[in-house]
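The values are calculated or read from the model by the stated rules, or taken from the named source; none is laboratory data. In this text, all values refer to a predicted model and were calculated from it rather than measured experimentally. Using ideal geometry, Cβ is built from the backbone for each residue, glycine included, and neighbour counts are taken over all protein chains shown.
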């Protein structure tokens, strides 16, 4: 269990008073940044504003306390907004709590089983595609509040929202649009001149004051949701087997997304502070944090790259900063939450527009389109389209299957089985040769004994490439077939089966099969399948020269 030691326990051995002051300041600043974001993301997720703060408080504290990163700041993020909104619409809050708890359990199991490193097997094109898809989905979901539209229905799917936006354009509220534009202007211009005070906090205060004292007919959070300043309360959801089965795909999506986003955030943070995170401990912490968040009225949480970066830039270097951030939000929840009712909905929409823009990674998307092979572009485009048109479960599933199929095709294209160019004894001096002592496995132009065939196999022998063995042609007039396998790094069961079939064909035609330079993994597979005993250990040679000598002995 030494691998699962929280980073907090390590850093406290050398913790100083000066570092505590820096962590305290960083935690307070990050809490101020997280306040409007947590409220905005809660509303985008279809839950009440305080539930966003519950998430940042409970999950934020536990993930910092137990996490595998020195500086990770966790809380609600834009990646979950559309997923959570869909779960709430279909299964209510009980369904969301159950899905989040199940996701937490999955994350804990992943961490305990040491699966933190497996996240790297999610292709970059899939990450880019679904991130852009989530950003577009999130942005589309804010158009209604930004324009002050009145919907006739409450669509869940993104494409249905687009249709409803178009049909509801005559109901546009120009006062809401003005507040939205002012909010956007503050969010874009303010950071260019002032870095210390978050632009989102300024936009919230300024626009709330304009709407309040100008008596503008613009909807505020108080008009949409009832706000509670009460502390998070523990509650268990009511559920049955049918609900567990129904929300399991959502739970799996939440777990995968939380793992990917949190570990990506850890990697970014490591580069900024020159540290190294413990990925498995981070997954366990994410699991505990999400489970507790759900049971105390919150929503899914994960590592937030922007808030983590803000923590680092303001001097945070230990998990204490993340714990302080959670504590400050708790004080704000109790003392200042009623004032959140005054925040205009167009301002919330503007904040989420900026969040969507920042998370979209459009520059990375352009790089993929410009520089990646067509197959990678296809994976990226498919994942993006399915994320927007359907949901993340379908997008990641189809994207992974497509990426795997394309990868296998590439590997199959790499695998080749080619016959040697044969040179007789009398003409061998006409060709350049190399000193055998320099490289005993050098192809060069070697003399092959009569009635002997040599085939060079390059690349992995697996089910996608096993048909390459059909290129091997011999007849009863041959006595020996040599397979040169120094360039075969791996072999699977289908490849093994193809070799067995080739051996039986050789046996039928009275041809001796020799194998030269078999690498470690293929040799293990052959021994396990009994192929070495079948062919005979004497017919496995360390290099091509030994194989040619053995072939000459057999022919003579």
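Only helices (runs of 4 or more DSSP H) whose full extent lies in the range 453-556 are considered here, and the ones with at least 1 residues that are within 23 Å of residue 415 (Cα to Cα), within 43 Å of the chain's Cα centre (by Cα) and without any contact (Cβ under 8 Å) to a residue 60 or more places away in the chain are 493-508, 520-528, 531-535.
Residues in the range 71-88: is at least one farther than 29 Å from residue 386 by Cα and assigned to a helix (DSSP H, G or I)? Scanning the range 71-88 turns up no residue that is farther than 29 Å from residue 386 by Cα and assigned to a helix (DSSP H, G or I). What's the total number of residues in the range 204-219 that are surrounded by 20 or more Cβ atoms within 10 Å (Cβ to Cβ) and under 23 Å from residue 57 (Cβ atoms)? Qualifying residue count for the region: 2.
Apart from one condition, residue 40 fits all of (1) at pLDDT below 95; (2) assigned by TED's automatic domain parsing to the domain that holds residue 296; (3) over 30 Å from residue 156 (Cα atoms); the exception is (3).
A count restricted to the range 242-261 and to residues that are in contact (Cβ under 8 Å) with a residue 12 or more places away in the chain and either farther than 16 Å from residue 63 by Cβ or surrounded by fewer than 17 Cβ atoms within 10 Å (Cβ to Cβ) (or both) stands at 11.
In summary, residue 61 fulfils each of the numbered conditions (1) crowded, with 24+ Cβ neighbours inside 10 Å; (2) at pLDDT 95 or above; (3) under 25 Å from residue 313 (Cβ atoms) with the single exception of condition (1).
For residue 359, the test of being within 18 Å of the chain's Cα centre (by Cα), modelled with pLDDT under 85 and assigned to a helix (DSSP H, G or I) is passed. With respect to the conditions (1) farther than 23 Å from residue 178 by Cα; (2) crowded, with 24+ Cβ neighbours inside 10 Å; (3) modelled with pLDDT of 90 or more, residue 346 lacks only one, and its number is (1). Of the candidates 373, 338, the single residue that is surrounded by fewer than 20 Cβ atoms within 10 Å (Cβ to Cβ), farther than 17 Å from residue 33 by Cβ and more than 30 Å from the chain's Cα centre (by Cα) is 338.
If only residues of the range 262-280 that are out of contact with any strand residue (DSSP E or B) (no Cβ under 9 Å at 6 or more places or on another chain) and surrounded by 23 or more Cβ atoms within 10 Å (Cβ to Cβ) are counted, the one that is nearest to residue 108 (Cα to Cα) is 279. Among the residues of the range 299-336, those identified as out of contact with any helix residue (DSSP H, G or I) (no Cβ under 6 Å at 6 or more places or on another chain) and under 26 Å from residue 86 (Cα atoms) are 304, 306.
No other residue among 316, 327, 297 is crowded, with 22+ Cβ neighbours inside 10 Å and under 30 Å from residue 102 (Cβ atoms) apart from 297. In the set 33, 63, only one residue is assigned to a helix (DSSP H, G or I), over 22 Å from the mean Cα position of the chain (by Cα) and either closer than 18 Å to residue 291 by Cα or in contact (Cβ under 8 Å) with a residue 40 or more places away in the chain (or both); that residue is 33. So for the range 315-324 (the condition being assigned by TED's automatic domain parsing to the domain that holds residue 45 and under 30 Å from residue 181 (Cα atoms)), does at least one residue qualify? Within the range 315-324, not a single residue is assigned by TED's automatic domain parsing to the domain that holds residue 45 and under 30 Å from residue 181 (Cα atoms). Taken as a whole, the structure places residue 368 among residues that are in the same structural domain as residue 184 (by TED's automatic domain parsing), touching a residue at least 60 places away in the same chain (Cβ under 8 Å) and over 30 Å from residue 9 (Cα atoms).
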